[in-house]
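Working notes, beginning with the structure itself.
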Amino acid sequence: MSYAIIGFGKLGQALAKAFARSGIDVSVATTRAPESFASLAAAIGPQITPTTLAEAVKADILFLAVRYESHGDVAQALPTWTGKIIIDVTNAYGVPPETLGGQPSSEVIAQAFTGARLVKGFNHLVAAVLDQDPAVQGGRRVVFLASDDDSAAEEVAALANNLGFSPLRLGGLSEGGLLVQARGNSWGPLIFKDLVKFD
């Protein structure tokens with residue numbers, strides 16, 4: 001199984017640190033040349049490989065950690081995304097609900113990534129919190145996952161576990177996905193909730 005993070009801003013770097021802490025290799029890409037952020041990647045750890053967008057999209061599981069408005073540009077990198085899992089880490093705060101056609105933002109993204117299996121996740125925590133070690137006083141920081149594809153959600157939950165988080169599934173995109181999405185000037189009720197699960 002191969003992994004990539006598309007977007008290397010604060011959220012992308014926080015996700016990369018989670019991979020580095022767990023000793024799992026991941027590619028990172030932006031629309032810029034990889035040389036422009038190679039030193040940032042190297043500072044995080046040897047597991048982080050800066051690459052081009054064209055190379056990164058070959059991964060099996062991809063974190064979409066770009067601005068919501070940029071998802072269409074990434075979607076054009078492949079004619080079909082069949083067989084791939086996209087983890088939607090975007091937030092559509094400031095995007096009018098009518099622009100989304102009344103749909104959850106993740107459903108709009110799912111339509112752009114033709115053939116992909118989409119999981120909404122890792123987006124409810126601000127980068128400064130996601131950046132921290134998820135092991136907290138004997139517990140593990142919770143990440144919420146929502147998807148219309150159960151098997152994709154299971155695979156992402158397994159990855160979240162491997163990264164040290166405690167995944168909590170919320171159901172489908174039009175149900176649980178609404179709890180962790182932003183649109184217009186509102187935030188879903190679970191956005192910013194920093195929870196820790198004790199086994």
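The aspartates and glutamates whose alpha-carbon is closer than 13 Å to the alpha-carbon of LYS120, local same-chain residues fewer than 8 away aside, are ASP88, GLU107, ASP148, ASP149, ASP150, GLU154, GLU155, GLU175. Counting only lysines at least 8 places from LYS58 when in the same chain, those with an alpha carbon closer than 17 Å to its own are LYS84. Overall, the anisotropy analysis places segment 45-152 in the oblate class: the square-rooted eigenvalues a ≥ b ≥ c of its C-alpha gyration tensor yield a/c not less than 1.5, with a/b not exceeding b/c.
Per DSSP helix of 4 or more residues, -39500 (n - 2.57); summed, then divided by the residues of the chain. What does that give at 222 nm, rounded to the nearest 500?
Numbers: 8 runs with 58 residues, N = 199.
Roughly -7500 deg cm²/dmol at 222 nm, from the helical runs in the chain.
With contacts defined as alpha carbon pairs under 8 Å and 6 or more residues apart, what's the relative contact order of segment 3-197 in percent? Numbers along the way, then the final one.
Details: 407 pairs, mean separation 39.9, N = 195.
RCO, segment 3-197: 20 percent.
For the Cα trace of the chain, dividing Rg by the Kirkwood Rh returns an Rg/Rh value of 0.94. Counting Lys and Arg as +1 and Asp and Glu as -1 over every other residue whose Cβ lies under 15 Å from the Cβ of SER22, the net charge comes to +1. Counting only residues at least eight positions apart within a chain, or on another chain, the aspartates and glutamates with an alpha carbon under 13 Å from that of LYS17 are ASP25, ASP131, ASP133.
No value in this document is a laboratory result; all are computed from the given coordinates. Only a predicted model underlies this, so the values are computations on that prediction, with no experimental measurement involved. Reconstructed Cβ throughout: ideal geometry from the backbone, glycine too, with neighbour counts over all protein chains shown.
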